[in-house]
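Let me begin by presenting the structure, written as structure tokens, before commenting on it.
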Ligand code: NDP
Ligand code: ZN
């Protein structure tokens, strides 16, 4: 049974922390749309009812992309949620290329919950790349992202068959879109 209050508190916290951030698409959509989409995908497509995982999904980019600290999350949402958010948080002190490489290398070692969160994150980003891509991204940049997402998710598969399937569909759609943008 999921209690609405902690989930709603997480939504309020994430929306406040991401309030001045925008996605990279042409319309600069509100950033909070993304964590909401990730949590929704886990629940709706992945059948996830684990409260910790859904709360972590809502909070998954707060440490990486805002001033939020792990200590703050621990005080508000507990150690379990925080550990999960940290599992999907890149070390911002490292150069971009290293961060991307480490995600691929470490994916298989992640906990089952972190693997599902990583897949949902990549599905949402692939869908965004199809429906509302980052401004200025040409075909090769999109293809590079799809290939990287596939490499990361290879290490995350086998925990939730529905999510694996949704990911494969998102990859197929992205590839169709990148090769032939008029085919949707
Ligand atoms: P990223 O590949 O990190 O950008 C994608 C990330 O941006 C996503 O994972 C997502 O992260 C976030 N995001 C925000 N808005 C959107 C959206 N509308 N659609 C999809 N994702 C969105 O790009 P960077 O600019 O950080 O560049 C990093 C890498 O890109 C470099 O390592 C380099 O290899 C490569 N690169 C390639 C170029 C090329 O032309 N081929 C040119 C320059 C760089 P989140 O879920 O965290 O929000
Ligand atoms: Zn994300």
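Nothing in this text is a laboratory measurement; each read-out follows from the coordinates by a stated rule. For clarity, every value in this text was computed on a predicted model and none was experimentally measured. All Cβ positions, glycine included, derive from the backbone under ideal geometry; neighbour counts span all protein chains shown.
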* To do: Assuming 1.002 mPa s and 20 °C, estimate D for the chain with Stokes-Einstein, Rh taken as the Kirkwood radius over Cα pairs, in µm²/s.
  => 128
* Structure fact -> Helix 139-154 sits off the longest principal axis of the Cα atoms of the chain, rounded to the nearest 10 on a 0 to 90 degree scale, by 50
* For helix 96-106, what angle does its Cα long axis make with the longest principal axis of the chain, in degrees from 0 to 90 and rounded to 10? -> 70
* **Crossing angle, helix 112-131 versus the chain [Cα axis fit, 0-90 degrees, rounded to tens]** => 40
* Per the helix-only calculation at 222 nm, which mean residue ellipticity applies to the chain, given -39500 (n - 2.57) for every DSSP H run of n ≥ 4 and division by its residues, nearest 500 deg cm²/dmol? -> -20500 deg cm²/dmol
* To do: Compute the distance in nm between two label points, each set 7 Å from the Cα along the Cα-to-Cβ direction, one at residue 93 and one at residue 176.
  => 4.5
* Asked: Hey, with R₀ at 41 Å, roughly what FRET efficiency would residue 132 and residue 2 work out to, going by the Cβ-Cβ distance, to 0.05?
  -> 0.90
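Using the Kirkwood radius over Cα pairs, work out the Stokes-Einstein diffusion coefficient for region 6-97 at 37 °C and 0.692 mPa s, in µm²/s as a whole number.
Estimated diffusion coefficient is 243 µm²/s.
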* Structure fact -> Packing-ranked peptide list from 147-156, 66-75, highest mean Cβ count within 10 angstrom first, is 147-156, 66-75
